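Have a look at the structure below before the remarks.
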Amino acid sequence: MKISIITTVYKAEKDLPRLLDSMMAQKSEELEFFLIDNGSPDRCGEICLEYAKRDARFTVFTLQENIGYIRARNLGIQKCSGDYIGFCDSDDYLEPGGYDRAVERIRQTQCDFYATAWRTISSTSTDNWLPFPAGIYMGQDILPQAFGPIGGKGMLHGFAWKHIYRRSIVLGIGLTFIEALKPYEDQIFNIDMLKACSCVCIDDHIIYNYIVNPDSITAQMMTNFDAEREWQRISALYTEKFARVQCPIHMEAMCNQTLEFVYSLALNMVKSRNYTIGQSVKAFRCWQETDLFTVITKNASTEQNARLRFVKWCLKRRQYRLMLVVMSAALRIGRG
């Protein structure tokens, strides 16, 4: 059995050695660290090749031009040699012995889908996370949480770096990351994968350290916030998920997450200096022409926190100005 860990590398010269050192520290010979130099203009390619000379488990695949991390990941799925595939981001790093533990658990359980606990590290805090209670499940058992939070349980977030997938299933169903959904592409990947899985192993052992990077794609989206662009992302993800809904619980979970996204969208519009209340109201009136607001207010859970219940009430009654004014006032009070 071999597990290929795919890492796309671009402009990561500063952080890359930390990740590669943590990979070398893993002891299992059943690991392949598949590094894709994604046309990086700095020394990333050289650094990858240096590590490949020191450890035969490193494979370096070089691209002359940057094709984006999603297309590069899809290429890695095709080109690597593992029976299983996982993913790392170049600015994160592995816990000592973490992937050795993953190899052991996958061999023991013969699972199709492995999900691990992880650690989030920021400049101010360190938090440990577990996506689902540890244990062995059928794919259908976990599937509702891939659509969104439901029944008091949190969402099984995308975050491809905390999962390991049986590659024969991925290839067999022609599964790829959808570039148009960035940065939510891994949510649809997980839904499609779980539908095809017989055995899922949820492990409470931390193997991955996720660094909150102020220069990450998600962080840049918030810094350069564009409400219309974010709405298009939300709508595209909603459309892809809606096409995969199989039962009412999937619909409810999907609508719960979409409601959270709409709340965040409204909150970021209020925070942004680029939008007045009037401009924001006009945008929401434009967006109401789709059926998205109607579907989520009809199907989202009644057991929501006060903020989401208020947003749901406003969306249902098209009280966008009230929603935005109250959010703005709450922010001012919070700052005070």
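Number of residues in the stretch 46-69 that are touching a Leu at 6+ places or on another chain (Cβ under 9 Å) and of a type in the set (G, A, S) equals 1.
Number of residues in the stretch 208-228 that are under 18 Å from the mean Cα position of the chain (by Cα) and at pLDDT 90 or above equals 4.
Where helices (runs of 4 or more DSSP H) fall entirely within the stretch 134-247, those with at least 3 residues that are within 30 Å of T276 (Cβ to Cβ) and without any contact (Cβ under 8 Å) to a residue 60 or more places away in the chain are at 217-223, 227-242.
Of all residues in the stretch 82-94, none satisfies being within 24 Å of the chain's Cα centre (by Cα), in the same structural domain as K14 (by TED's automatic domain parsing), of a type outside the set (D, E) and surrounded by fewer than 21 Cβ atoms within 10 Å (Cβ to Cβ).
Scanning the stretch 7-30 for residues that are of a type in the set (S, T, Y), under 19 Å from D186 (Cα atoms) and touching a residue at least 40 places away in the same chain (Cβ under 8 Å) turns up at least one hit. Considering only residues of the stretch 122-140 that are of a type in the set (A, V, I, L, M), under 17 Å from H205 (Cβ atoms) and surrounded by fewer than 16 Cβ atoms within 10 Å (Cβ to Cβ), which is modelled with the highest pLDDT? Ranking the qualifying residues of the stretch 122-140, first place goes to I136. Scanning the stretch 63-82 for residues that are under 25 Å from M193 (Cα atoms), among the hydrophobic types (A, V, I, L, M, F, W, C) and outside any helix (DSSP H, G or I) turns up I67, C80.
State whether one or more residues within the stretch 6-22 are within 23 Å of the chain's Cα centre (by Cα), more than 22 Å from A102 (Cα to Cα), surrounded by 20 or more Cβ atoms within 10 Å (Cβ to Cβ) and β-branched (V, I, T). Among the residues of the stretch 6-22, at least one is within 23 Å of the chain's Cα centre (by Cα), more than 22 Å from A102 (Cα to Cα), surrounded by 20 or more Cβ atoms within 10 Å (Cβ to Cβ) and β-branched (V, I, T), which makes the answer yes. Among the residues of the stretch 18-36, is any in the same structural domain as T59 (by TED's automatic domain parsing), aliphatic (A, V, I, L, M) and modelled with pLDDT under 95? Scanning the stretch 18-36, I find no residue that is in the same structural domain as T59 (by TED's automatic domain parsing), aliphatic (A, V, I, L, M) and modelled with pLDDT under 95, so the answer is no. Among the conditions (1) over 18 Å from A160 (Cα atoms); (2) surrounded by 15 or more Cβ atoms within 10 Å (Cβ to Cβ), the only one that I3 does not satisfy is (1).
Scan the stretch 164-180 and tell me whether some residue there is at pLDDT 95 or above and polar (S, T, N, Q). For the stretch 164-180, residues at pLDDT 95 or above and polar (S, T, N, Q): present. For the stretch 284-305, the set of residues classified as part of a loop (DSSP other than H, G, I, E, B) and of a type in the set (V, I, T) consists of T290, T302, listed by residue number. Yes or no: the stretch 58-73 includes at least one residue that is among the basic types (K, R) and more than 25 Å from A146 (Cβ to Cβ). No, the stretch 58-73 contains no residue that is among the basic types (K, R) and more than 25 Å from A146 (Cβ to Cβ).
Looking only at residues that are without any contact (Cβ under 8 Å) to a residue 40 or more places away in the chain, surrounded by 13 or more Cβ atoms within 10 Å (Cβ to Cβ) and among the charged types (D, E, K, R) in the stretch 299-322, which one is farthest from G152 (Cα to Cα)? Among those that are without any contact (Cβ under 8 Å) to a residue 40 or more places away in the chain, surrounded by 13 or more Cβ atoms within 10 Å (Cβ to Cβ) and among the charged types (D, E, K, R), it is R318.
Taking the listed residues V103, V60, the one that is farther than 30 Å from C199 by Cα, in contact (Cβ under 8 Å) with a residue 12 or more places away in the chain and not in a loop (DSSP other than H, G, I, E, B) is V60, with no other qualifying.
The values are calculated or read from the model by the stated rules, or taken from the named source; none is laboratory data. Note that the coordinates shown come from a computational prediction; the quantities given were computed from them, not determined experimentally. No Cβ is skipped: glycine too gets one built from the backbone with ideal geometry, and neighbour counts run over all protein chains shown.
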